[in-house]
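Below is one structure, written out as structure tokens; the observations come after it.
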Amino acid sequence: MAKPLKLYYFELPGRAEVARLCLTIGNIPFEEVIIDGNNWPEYKPKTPFGQVPVLELPDGKMIAQSGAIERYVAKLAGLYPQDPLQAALADQAVFHMADIWEPFAATFRLPSPEEKVRARQELLAGKAKEKLTQLARLVETSGGEFIAGGDQLSYGDVAVFVWLSNMVCGLLDGVPPTLLDDYPALKSFRNKIASIPEIKAYYEKRGQGARAAFKPDAAAA
């Protein structure tokens with residue numbers, strides 16, 4: 001039997017959660033290697049760019065960069081559209097979600113908790129508000145049940161679900177857990193993806209801490 005894929009990342013959802021879900025939905029065996037402060041010095045020099053997530057293939061070859069990993073496992077799982085336009089629409093949503101998230105990620109480098117909160121609240125009132133409104137419009141006008149149009153789930157849906165959930169899971173002080181109440185279309189979309197049987201089952205088994213926010217809202221469960 002071939003060795004399973006190995007996915008190296010921290011315990012938190014973060015940048016590996018899209019890949020975890022794609023592998024789970026596709027019923028693709030994989031082993032998680034959880035990185036922490038104790039074993040990171042051991043693994044860091046073995047990674048291509050000194051960072052995680054990293055996906056190790058059965059032959060030992062490693063793929064770095066979360067976007068590359070997501071697309072690779074999405075193709076394995078049948079979650080990357082074969083139609084070029086639908087693939088572009090899925091990618092479009094993923095890249096837009098990255099535009100929303102990256103300014104928040106940058107706030108982790110600020111020196112004090114107060115500065116982090118202030119910067120995030122400024123984002124929510126300005127650039128992030130604009131981008132989230134655009135994303136809501138995209139979801140509403142996708143022309144189908146899912147983000148790439150039609151009735152087929154893609155990795156684009158999974159990515160939007162993951163990063164919306166990441167935003168409200170409590171890891172970003174200053175971002176209220178009720179943020180999506182201001183964006184009904186995004187709240188409804190997040191709940192729809194959270195209620196997909198494979199995803200719902202994943203968080204029923206692994207829904208503690210930050211991942212509690214990845215479950216369907218009580219009213220949508």
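Bridging of Lys116 to lysines at a Cα separation below 20 Å is possible for Lys127, Lys129, Lys131, once same-chain residues fewer than 8 apart are set aside. Based on C-alpha pairs under 8 angstrom that are at least 6 apart in sequence, the chain has a relative contact order of 19 percent.
With the cut-off at under 13 Å, measuring from each backbone N in segment 73-108 to a point 7 Å along the Cα-to-Cβ line of Leu57 picks out 73, 76.
Full extension of the chain segment joining Phe108 with Lys46 gains 19.8 nm, where the gain is 0.36 nm per residue of separation less the Cα-Cα distance.
Within the P(r) computed for segment 3-88, what percentage of the Cα pairs occupies the region above 14 Å? Counting pairs separated by more than 14 Å, the tail of P(r) holds 63 percent. Carbon-plus-sulfur accessible fraction, the chain (probe radius 1.4 Å, protein heavy atoms only): 54%.
Converting phi to 3J(HN,Hα) with the Karplus coefficients 6.51, -1.76 and 1.60 and the offset θ = phi - 60°, segment 28-44 yields 9, x, 8, 10, 8, 10, 7, 8, 9, x, 7, 9, 4, x, 6, 7, 3 Hz in sequence order, with x at every glycine or proline. The mean accessible area for residues of the chain, using a 1.4 Å probe and ignoring ligands and nucleic acids, is 50 Å² per residue. When the P(r) is computed for the chain, the part past 25 Å accounts for 40% of the Cα-Cα pairs.
Extension gain for Ala98-Glu115 works out to 3.9 nm (0.36 nm per residue, less the C-alpha to C-alpha distance). Residues of segment 4-25 with backbone nitrogen within less than 18 Å of a virtual label 7 Å along the Cα-to-Cβ line of Glu204, please, listed as ranges. Only 21, 24-25 pass the distance filter. By the rule of a C-alpha distance below 25 Å, with chain neighbours fewer than 8 residues away ignored, the lysines paired with Lys46 are Lys3, Lys6, Lys61. When the Gaussian network model of the chain links Cα atoms closer than 10 Å, the mean-square fluctuations of Ser66, Ser165, Ser112 top out at Ser112. Screening the chain for DSSP H helices whose Cα atoms reach 24 Å or more along their own axis and whose mean Kyte hydropathy is at least 0.0 gives 84-106.
So which lysines pass the test for Lys200, namely a Cα distance under 19 Å, with those fewer than 8 places away in the same chain ruled out? The qualifying lysines are Lys187, Lys192, Lys215. The share of alpha-carbon pairs in segment 55-171 lying farther apart than 19 Å comes to 53%.
The values are calculated or read from the model by the stated rules, or taken from the named source; none is laboratory data. As the structure is a prediction and not an experimental result, all values here were calculated from the model. Note: ideal-geometry Cβ built from the backbone for every residue, glycine included; neighbour counts use all protein chains shown. All accessible areas refer to the heavy atoms of the entire protein, side chains included, with ligands and DNA or RNA removed. Shrake-Rupley method; radii C 1.70, N 1.55, O 1.52, S 1.80 Å.
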